[in-house]
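The values are calculated or read from the model by the stated rules, or taken from the named source; none is laboratory data. Bear in mind that the values here come from a model prediction, so they are computed numbers and not experimental data. Heads up, the Cβs are rebuilt from the backbone with ideal geometry, glycines too, and the neighbour counts pull from every protein chain shown.
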Amino acid sequence: MKLLMTSALLAGAAATDLLIPLYQFPANNGQAWAPIEQAMTENLKLTHKIIINPNNGPGGPGQGIEDPQYVAGSSALASHPNAQLLGYVHTSTDGGTTRCNVPWDQITADIRTWSTWVSRGIKIQGIFIDEAPANTANSCVQYMQNLTNFIRNDKDLLFPQRLIIFNPGGTGTLQPYYDMNPTLIVSLETCFVTPDKARVAFDQCNPEFPNWERYDHDGYGSSIDKVLFPNIGELNGPRSAILVHGAHDTNGPSANLDVTEETLRNMINTVVQRKIGATFFNAAGYHEFSTGPANIVTVARLLNAANTGGGRA
Ligand SMILES: *[C@@H]1O[C@H](CO)[C@@H](O)[C@H](O)[C@H]1NC(C)=O
């Protein structure tokens, strides 16, 4: 029994998890999140790291833990054995232009609010830190180190696993942040689609800023090999996450891929083969999970198959 558990844990540690930024309201008493539950039910070996975000954080009066719909939706998700819920916080007061300037008392108060969800029976397993710095300016390294120490060590916090994910949302000088040994850093967040096809509902691919890495437009694995690894180093892959939104239509010249299930399978297989810690592909932004081939149920199935089908040595 002990041996079995050890090997199961090791297998789990080696897999690529699904990281779901769930910035959607749990309407109909949580039923809006049924596709996420379906993905978990159908893929029991796949760990679903799910970011709960009522309002750029745990929410104010009447929101989040004080909203019966949020309680219903989050409780349902947390009851799945392959779920790891994370509470959202962010470090920027101006939408990401300046990083690590949310006052310490404010960001730690939000983290303490997330901890109250655990005492209310909803197992939040850690914190997702959005608008995290992607460079070492303005004392950000010290700020993030302090925040990491707080989440990891504060005696009053109740998160059972104390997971910590940074989302710098762009490339930059990340090694000092990897050195803090967070669970994951989202070190490639980009879009699949070309600018001319972007901006469908909730699409976060903004044509006004068209210079995103069109995911794998140079062939399967090319975004990891030519963009991600040269930036972060291959050894950081298992502690890295890749988020690809705007997975609809085509990614343009060169490989010129259309989003089909086959395209998704090949992209996801290369993510697993390169031992990336977590990934997510979605048609729109983070508010809607049922559109197109890149719906959450299909993406979870393909990722689970890649993890268990020998995609990883
Ligand atoms: C980090 O914590 C140290 C020790 O408590 C403190 O002196 C320092 O001001 C903090 N730095 C930041 C940027 O929060």
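Annotations
- For the range 55-70, the count of residues that are of a type in the set (S, T, N, Q), away from the ligand (no atom under 16 Å from the Cβ) and more than 23 Å from Trp33 (Cα to Cα) is zero.
- Odd one out for Arg99, checked against (1) of a type in the set (Lys, Arg); (2) away from the ligand (no atom under 15 Å from the Cβ); (3) surrounded by 18 or more Cβ atoms within 10 Å (Cβ to Cβ): (2)
- Filtered residues of the range 57-110 (kept if in a helix (DSSP H, G or I), farther than 30 Å from Pro133 by Cβ and in contact with a Pro (Cβ under 8 Å, 6 or more places away or on another chain)): Gln69, Ala72, Gly73
- Yes/no for Ile151 being under 18 Å from Leu19 (Cα atoms), within 14 Å of the ligand (Cβ to nearest atom), in contact (Cβ under 8 Å) with a residue 24 or more places away in the chain and not in a loop (DSSP other than H, G, I, E, B): no
- Filter pass, Thr108 being in contact with an Asp or Glu (Cβ under 9 Å, 6 or more places away or on another chain) and within 16 Å of the ligand (Cβ to nearest atom): yes
- The one condition from (1) over 20 Å from the mean Cα position of the chain (by Cα); (2) at pLDDT 50 or above; (3) under 20 Å from Thr183 (Cα atoms) that Ile20 does not meet is (1).
- Check on Ile164, under 18 Å from Asp105 (Cβ atoms), surrounded by 18 or more Cβ atoms within 10 Å (Cβ to Cβ) and not acidic (Asp, Glu): no
- One residue stands out among those in the range 167-186 that are surrounded by fewer than 21 Cβ atoms within 10 Å (Cβ to Cβ) and of a type in the set (Ser, Thr, Tyr): the one that is farthest from the chain's Cα centre (by Cα), which is Thr173.
- Every residue from the range 111-148 that is within 16 Å of the ligand (Cβ to nearest atom), part of a loop (DSSP other than H, G, I, E, B) and surrounded by 19 or more Cβ atoms within 10 Å (Cβ to Cβ): Glu131, Ala132, Pro133
- Residue in the range 38-47 that is among the hydroxyl-bearing types (Ser, Thr, Tyr), at pLDDT below 95 and surrounded by fewer than 20 Cβ atoms within 10 Å (Cβ to Cβ) present: no
- Candidate set from the range 187-228 (those that are of a type in the set (Phe, Trp, Tyr) and without any contact (Cβ under 8 Å) to a residue 40 or more places away in the chain); member that is surrounded by the most Cβ atoms within 10 Å (Cβ to Cβ): Trp212
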